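Engineer: Here you go, one structure.
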Amino acid sequence: MAKIKGSIVVNMENCKGCEICMVSCPTGTISMAKEVNGKGYYYAYPANPDLCIGCASCAMVCPDGVITVYKTKI
Amino acid sequence: MIEATGIKEIIKPENLAYRKTDIMTDNILSYCPGCGHGTAHRILAEVIDEEELQSQTIGVSPVGCSVMMYNYLDVDIQQAAHGRAPAVATAIKRLMPEKFVFTYQGDGDLAAIGTAETIHACNRGENILIIFINNGIYGMTGGQMAPTTLPGMKSSTSPFGRDVKTMGNPLKMTDIVATLPGTYYVTRQSVHTPANVRKTKKAIRKAVQYQKLDKGTCFIEIVANCPSGWKMTPVQSNKWMEETMFPFYPLGDLKTPEE
C-alpha cells in the first residue's frame, strides 16, 4: 500500500502563536517554537515532520492562513 | 529544523494540497491571535474563488472588528454605518441584481443597533447573504455586554455575570429570522475545529448557490470565540465556547429549502 507523506510550511513571520493548529493536528506534528518571531509571538513549526500525513487540518483552522500543506504518495 | 529525510522533496508545487486562496490578500490580519474572524474570512474567500465570483461579488462590511475587511478580501467592499449593512446591501442588490451581495456582521452590529434593518431585510426576502459572527460580546470596544451575551456570562459591563432580571434576556437572532417567510436558508455553524470549518464552508457554498436562484435571504450565523474579550487563551476560549455557548446556541440548520 502506498504510504501518504505530508509536509507543512508555516509562514513564521505572520504566525500569531494561537496554538489552535497544534491542538487540531491529529499526529502531533506541530509544536510551538522556543523563540519568537518579529512580532514577539511563539510561532508554530513542524517539530516532528516525519509524522505529517498532509491532512490539512492545521491549515483549515489557522485563523491567519499561514500554513501551506504539501502531500504525496511514496 | 525541517531537515528530516524526504521532507524537502515533498515541498514541490505539484504536491500542493492546501494553500491560502489568492482572494485573501497578503496583508497581516488585524485580529487577535486565535480569533475566528480570520477563518471565516478565509473560507468565504475560498468559496468565492471556487464559484468564480470574484468580479461579481460586492461585500458590505460592518462596524466592529471586521470593519477593515476590505484590506483582506480582494473583492469590492462597501462599508456601512453601524448596523445598516443589510439596508446598504438591499440597495446594492436592487441596483445591480446580477451581482452576488453579502454582508458580514458581528453580533454588536447585527443583533443590537441593526436589529430592525436585519429583521426587515430578512422579512422582505432580499436576495443577499448575511454572515453573522456571534461571539456574545462587543469585541472591538473592549468586551462589553451585547444582546447575545449568555445569562451569567461575565463581560466588562456585567462583571458579576449577566443578570436577566435587570439586563434582559439574550437574543437569538438566528431563531428569529428563521421564522420569517423571507428567508430561504438559515443555519448556525462554527469555525473552531477542522470538521466545523469544513461544515461551515459547505453551508456558505450552499448559500452562495441559493443566491443564484433568487429565492430569498440566506442567513449564516457563525458562533465564534473572542479570546481577548473573554480573557482566555485561544484554546481555552474554544473549549469554553463548546461547553457554554453551544448548549445555548446549538449548531445546525434552522431552515432549509423544501425540495
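Engineer: Counting only helical runs of four or more DSSP H residues, what would the 222 nm mean residue ellipticity of the protein assembly as shown come to if each run contributes -39,500 (n - 2.57) and the total is spread over all its residues?
Structural biologist: Working: 11 runs with 91 residues, N = 333.
That calculation yields -7500 deg cm²/dmol at 222 nm.
Engineer: Classify chain B from the C-alpha gyration tensor, please: rounded if a/c falls under 1.5, else prolate or oblate depending on whether a/b exceeds b/c. Can you show the working numbers first?
Structural biologist: Working: a/c = 1.72, a/b = 1.12, b/c = 1.53.
Taking the square roots of the gyration eigenvalues as a ≥ b ≥ c, chain B is oblate.
Engineer: Continuing with the same structure: Treating the Cα atoms of the range A:4-73 as identical point scatterers in vacuum, please give the log10 of the normalised Debye intensity I(q)/I(0) at q = 0.15, 0.18, 0.26 Å⁻¹, two decimals.
Structural biologist: Debye output, listed in q order: -0.40, -0.58, -1.16.
Engineer: A:Val36 label point, 7 Å along Cα→Cβ, cut-off 20 Å on backbone N: hits in the range B:16-32?
Structural biologist: Counting only backbone N, you get B:28-32.
Engineer: When chain B is modelled as a GNM with alpha-carbon springs shorter than 10 Å, which of B:Pro247, B:Pro147, B:Pro227 fluctuates the most?
Structural biologist: Looking only at B:Pro247, B:Pro147, B:Pro227, the largest GNM fluctuation is found for B:Pro247.
Engineer: Nearest-5 percent of antiparallel DSSP beta bridges in chain B? Please report the intermediate quantities before stating the final value.
Structural biologist: Numbers: 7 of 33 bridges.
Restricted to chain B, the bridges split so that about 20 percent are antiparallel.
Engineer: Identify all lysines with a Cα-Cα distance to A:Lys34 below 30 Å; exclude those on the same chain that are fewer than 8 residues away in sequence.
Structural biologist: Cross-link targets: A:Lys5, A:Lys16, A:Lys71, B:Lys8, B:Lys12, B:Lys20, B:Lys231, B:Lys239.
Engineer: Could I get the Rg over Rh figure for the range B:38-122? Both from C-alpha atoms, Rh via Kirkwood, rounded to two places. Numbers along the way, then the final one.
Structural biologist: Details: Rg = 12.3 Å, Rh = 12.9 Å.
With Rh from the inverse mean 1/r over Cα pairs, Rg/Rh is 0.95.
Engineer: Same structure again: With only alpha-carbon pairs counted, each pair once and no self-pairs, how large is the Kirkwood hydrodynamic radius of the protein assembly as shown in angstroms?
Structural biologist: Numbers: mean 1/r = 0.0488 Å⁻¹.
Its Kirkwood hydrodynamic radius stands at 20.5 Å.
Engineer: Check A:Gly54: other-chain or 5+ apart residues with amide H under 5 Å from its amide H, H built from backbone geometry?
Structural biologist: Correct list: A:Gly6, A:Ser7.
Engineer: Any idea what Rg and Dmax come out to for the range B:107-235 if you just take the C-alpha atoms, in Å?
Structural biologist: 15.5, 48
Taken together, the values in this text are just the output of simple stated rules run on the coordinates, not laboratory data. Bear in mind that the values here come from a model prediction, so they are computed numbers and not experimental data. Note that each Cβ is placed from the backbone with ideal geometry, even for glycine, and that neighbours are counted across all protein chains shown.
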